[in-house]
Amino acid sequence: MTHTDHAHGDPMTDFSRESWEAKYREREALWSGQPNAPLVDEVENLAPASALEVGCGEGADAVWLATQGWTVTGVDLSATALARAQVHAEASGVAAHVVFTDEDVEAVIRRDGPWELVVSMYTHPSQGGRWLVSTLADAVAPGGRLLVVGHHPTDPHATEHPDLARSAFAAEDVADVLDRSAWEVSASIHERVTLGDGGHERLWRDAVLVARRH
Ligand SMILES: C[S@@+](CC[C@H](N)C(=O)[O-])C[C@H]1O[C@@H](n2cnc3c(N)ncnc32)[C@H](O)[C@@H]1O
């Protein structure tokens with residue numbers, strides 16, 4: 001999420017399908033179209049296989065994965081975001097390698113899983129981070145990997161927007177839903193600096209959970 005949205009003070013109190021759809025419809029593009037740095041860092045050296053991305057939004061990460069050779073299923077609540085994702089995939093020449101759907105993620109996992117890589121970047125679902133991790137864990141094939149990235153409670157999204165603080169999480173807190181005898185878990189904070197208006201540096205702090213299924 002190289003973002004335009006929360007960083008500019010737009011309140012975000014409702015994480016329902018209707019609310020996300022309305023947010024996407026308000027703007028021509030909500031996100032930058034570039035893949036998220038923590039995804040690129042974690043995945044660029046892996047051998048491509050099948051991947052599920054939940055909360056794929058306008059598809060920048062799913063399209064980037066497809067350009068790296070992955071076969072991708074992208075799930076999101078917003079039909080408008082997914083239509084943009086489809087256009088992005090076609091423009092990038094990878095439409096044959098990505099499927100986008102607004103179906104319920106649990107139904108998609110039951111029907112089409114498992115995948116070698118399961119990714120969620122800043123999804124912050126209304127059900128919470130622990131629900132997200134335990135739901136996505138069921139979608140990971142043996143030997144596969146789970147990557148869940150969100151705003152850390154010390155990130156400006158959470159400290160400057162109390163409405164977002166509820167959905168922020170520390171990776172170790174959501175990781176404890178994983179059975180450590182079945183998973184090798186790494187929970188960390190990923191820091192990045194961007195230049196804001198007027199050239200001021202801003203420090204962002206992401207919660208990064210990487211888990212490998214034995
Ligand atoms: C902050 S945006 C991030 C979009 C994208 N991952 C990115 O980094 O640019 C969160 C996205 O998660 C989606 N989302 C939230 N809850 C979801 C759920 N339960 N199932 C599928 N998508 C969900 C929203 O529709 C929205 O597009």
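Every number here is computed from the coordinates shown, using simple stated rules; none is lab data. Source: prediction; values computed, not measured. In this analysis, Cβ positions are derived from the backbone assuming ideal geometry, glycine residues included, and neighbour counts consider all displayed protein chains.
In debye, nearest 20, what is the charge dipole magnitude of region 62-136 about its Cα centre with +1 on Lys and Arg Cβ and -1 on Asp and Glu Cβ, if you could check? Let's see the in-between values first.
Working: 4 positive and 8 negative charges, 28 e Å.
I would put it at about 140 debye.
Could you work out the relative contact order of the chain, using alpha carbon pairs under 8 angstrom and six or more residues apart, expressed as a whole percent? Mind dumping the intermediate values first?
Numbers: 417 pairs, mean separation 37.3, N = 214.
Here the relative contact order equals 17 percent.
Work out from phi, with θ = phi - 60° and the Karplus expression 6.51 cos²θ - 1.76 cosθ + 1.60, the ³J(HN,Hα) of each residue of region 90-106, listed in order in whole Hz, and give x for Gly and Pro.
For region 90-106, the Karplus curve yields 5, 5, 8, x, 10, 4, 6, 10, 9, 10, 10, 8, 9, 5, 4, 4, 5 Hz.
Suppose every K and R has +1 on its Cβ and every D and E has -1 on its Cβ; what is the size of the dipole of the chain about the Cα centre, in Debye to the nearest 20? Provide the component values of the computation, followed by the final result.
On the way: 16 positive and 34 negative charges, 69 e Å.
That gives the chain a dipole magnitude of about 340 debye.
With a ≥ b ≥ c the root eigenvalues of the C-alpha gyration tensor of the chain, is it rounded (a/c under 1.5), prolate (a/b larger than b/c) or oblate? Could you put the intermediate results ahead of the total?
Working: a/c = 1.43, a/b = 1.13, b/c = 1.26.
The shape class here is rounded.
Take the alpha carbon atoms of region 35-60, find their center, do the same for region 176-206, and report the distance between the two centers in whole angstrom.
Each part's Cα centre sits 15 Å from the other's.
Let's test the formula: R0 of 25 Å, r as the Cβ-Cβ distance of S134 and S188. What FRET efficiency results, to the nearest 0.05?
The computed FRET efficiency comes out at 0.80.
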